[in-house]
Amino acid sequence: MVTERSLAPKTCNLRMTAIRAFLEYAAQEYLWIMPVYTDACGIAGVKAANHAIEYFEPSEMTALLAAPSGNSKTDRRNQMILIFLYDTAARVAEARQVKVSDLHLEAEVPYVTLLGKGRKYRNIPLLEKTILHVRRYLKEFHASNPKSDAPLYYAKVHGEIHGLSSDTLEKMIKRYADQCRADGYSMPDNVHCHMIRKTRAMDLYREGVPLAHIQQLLGHENISTTSGFYAFATLDVLAKAMETVNPDEGVKSWSDPDTLERLYRL
């Protein structure tokens, strides 16, 4: 895969994972395959270079959330989707699969249930402002049956409700990003929905939220997955840290003779 087909490191590692999973399954039926499976497990993964995390700066995220005008029903739906993606840090597939019945707005702590990777469910609390948006959205889009199993976000084709595709959401965010650029706002070159999830996690990280809590929000099974992506000093955090140790003009307190004497006694 590497030397002959020149496949990307990520592709090689994904295919090796699939091969190992198949061999493990086959070895349960045919014991003679077990040595092959063991050998496959011993093959080291291809090292892949870490790329910088793509996320929106606060001004960019604010502009993107405000991009839908609200003049049309589609715009109001799309704005709700953008707010939901940011507030819950949901993956696109998770947001697409949310049903009206997955919302629990009457609970003591209102939350939504997401179905994540590995068919695992997790509950995400909703903020007060988001709840107001959700209630307004339900009143317009699901007034007839607010407890139904219909998809929360949908499009009507020939009078029938259909869930949205990932392509629809990706085209939506690119369209609003182009609109923001036309209005004079800066935007990353390659905008995609997953950046909203990363933006939410990055914002929480910069506000001092523990990584364990961010891990729970993102649905990462292993804390190392979370820390590997988000536990690094962003430019503004790094700048602030450098400012705290940057020499100021004037005499430093540690140069005072009394202070020096106390330091020497430590």
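The values are calculated or read from the model by the stated rules, or taken from the named source; none is laboratory data. Predicted, not measured: the structure shown is a model, and the values here were computed from it. Backbone-built Cβ (ideal geometry, glycine too); neighbour counts: all protein chains shown. Calculation scope for accessible area: heavy atoms of the full protein, side chains included, ligands and nucleic acids excluded. Shrake-Rupley method; radii C 1.70, N 1.55, O 1.52, S 1.80 Å.
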### Task
Express the accessible area of region 179-223 per residue in Å², computed with a 1.4 Å probe while the remaining protein chains stay in the model.
53
### Query
So how do Arg76, Arg206 rank on accessible area, 1.4 Å probe, biggest first, that is with the largest at the start?
Arg76, Arg206
### Query
So what does log10 I(q)/I(0) come out to for region 141-217 at q = 0.22 Å⁻¹, using the Debye formula with one equal point on every Cα and no solvent?
-1.00
### Task
Counting only heavy atoms of the protein chains, get the accessible area per residue of region 57-97 (1.4 Å probe) and round it to a whole Å² value.
37
#### Entry: Along principal axes, Cα extents of region 1-102, largest first, whole Å
65, 36, 21
### Query
Loop-only check: which GluC sites (Glu not before Pro) in region 106-165 are DSSP coil with at most 14 other Cβ within 10 angstrom?
Glu106, Glu108
## Note on the structure
With DSSP loop assignment and no more than 11 other C-beta atoms within 10 Å, the trypsin sites (Lys or Arg not before Pro) in region 126-180 are Lys147
### Summary
Using eta = 1.306 mPa s and T = 10 °C, Stokes-Einstein with Kirkwood Rh from Cα pairs puts D for region 42-138, in µm² s⁻¹, at 102
### Message
What does the C-alpha gyration tensor say about the overall shape of region 91-169? Classify as rounded when a/c is under 1.5, otherwise prolate if a/b is larger than b/c, or oblate.
### Response
oblate
### Greater than 21 Å apart at Cα, pairs in Lys10/Lys120; Lys73/Lys171; Lys99/Lys139; Lys117/Lys174; Lys147/Lys198; Lys117/Lys139
Lys10/Lys120; Lys117/Lys174; Lys147/Lys198; Lys117/Lys139
### For region 48-88, average projected area of the Cα convex hull in nm²
3.9
### Message
Within region 161-227, what whole-number % of the accessible surface is contributed by carbon and sulfur, with the 1.4 Å probe and all protein chains included in the calculation?
### Response
48
